[in-house]
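Here is the structure we will look at.
The values are calculated or read from the model by the stated rules, or taken from the named source; none is laboratory data. Quantities reported herein were computed from a predicted structural model and do not represent experimental measurements. Backbone-built Cβ (ideal geometry, glycine too); neighbour counts: all protein chains shown. Each accessible area value is taken on the protein alone, full model and side chains, heavy atoms only, with ligands, DNA and RNA left out. Shrake-Rupley method; radii C 1.70, N 1.55, O 1.52, S 1.80 Å.
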Amino acid sequence: MAVVPLEIDGETFLIDKSMVGSAIGDLKAVEAEKKRLPYIRMTLAAVGVFSLYFGYFTYLMLRLLGLVVLAGIGFYLFMMVGEKLKSGWAWSISAKLIPKIMKKADNRLRLIRSELLKNVKGKCLDVGCSTGHYIRYFKSSKQKVTSLTMLEPNKNMIQGLKENIAKSSCPFPVYIRTDYLEDIKEEGSFDSILFGNVLCEIPDYKAAIRKAHRLLKPGGRVYFSEHVLDEPGTTRRILQRLVQHWWLVVSGGCDCARDSLVALKEEAHWKEVKSWTIFCGTFPWTSKFEVGIAVK
């Protein structure tokens, strides 16, 4: 099937779900994930039927769920303590887990992200950049990137970020900041801002969207590649809700049940917002991606 062109802000993009994984021959992994989804659906359906007809087991499951909830609350509080200490376990977990997940997602979305960011330009900001998986796209842009600010509050990731910046040999200055998006004062000065798998982790992500809008020049763009909450009634959405709080803890702060695209459209006044829905992810609950552009 031919890729259907989509025009955004006068620029034509050729992006399609068939491009997932093809950059590195990861199509087998994509197909394997597709094959797993029916089994996940059947398992959830079986659990539902089992619970409906066997009250005793439902009781046991509710007790188990209660224990899981209590354990989740305990871990969540522990994580928040780590968050406030800035050097706690939450950020240590993130520094080890997130770069691996980001690398795998980047491998599978490389062709799509290359097309999306092919003309990124000017003064750029990468929000929550981790160890710098998007540097390659800024470097390979057909337009001139004048500077790139890498924003990463988790200091445990900075060494890896510095190493990747050094390896990239970018022809433009690259700056590292370890504070938060709300701390950036240069409003109306950025041409391009990137949200790449970060809105799921920012505590007040709606405020972050509004802040990004203020930081952009008129005509500036927010590029985004974010996993999102699936549509109501879907098996994936049910799964996302089930594992939401558990995943928030074990991932060090990733919320798999955020409707980031809806928030992006509603929290700021954009000239244009367009995106592609792509199913790709390390886990079923983080596999629905929205990839696109918002123009101020």
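Among the residues of segment 104-128, those identified as farther than 21 Å from Cys200 by Cβ and in a helix (DSSP H, G or I) are Leu111, Ser114, Glu115. With a requirement of 2 or more residues that are basic (Lys, Arg), the helices (runs of 4 or more DSSP H) lying completely within segment 205-285 that satisfy it span 205-215, 235-250.
The residues of segment 202-235 that are open to solvent by 30 Å² or more (accessible area, probe 1.4 Å) and touching a Ser or Thr at 6+ places or on another chain (Cβ under 8 Å), listed by number, are Tyr205, Lys217. Residues in segment 267-296 that are of a type in the set (Phe, Trp, Tyr) and open to solvent by 20 Å² or more (accessible area, probe 1.4 Å) were compared, and the one that is modelled with the lowest pLDDT is Phe283. Mind checking whether some residue in segment 187-196 is touching a Ser or Thr at 6+ places or on another chain (Cβ under 7 Å), within 21 Å of Gly292 (Cα to Cα), modelled with pLDDT under 95 and open to solvent by less than 50 Å² (accessible area, probe 1.4 Å)? Checked segment 187-196: at least one residue is touching a Ser or Thr at 6+ places or on another chain (Cβ under 7 Å), within 21 Å of Gly292 (Cα to Cα), modelled with pLDDT under 95 and open to solvent by less than 50 Å² (accessible area, probe 1.4 Å). Scanning segment 132-177 for residues that are under 22 Å from Asp204 (Cα atoms) and either in a helix (DSSP H, G or I) or open to solvent by less than 30 Å² (accessible area, probe 1.4 Å) (or both) yields Thr149, Met150, Leu151, Glu152, Pro153, Asn154, Lys155, Asn156, Met157.
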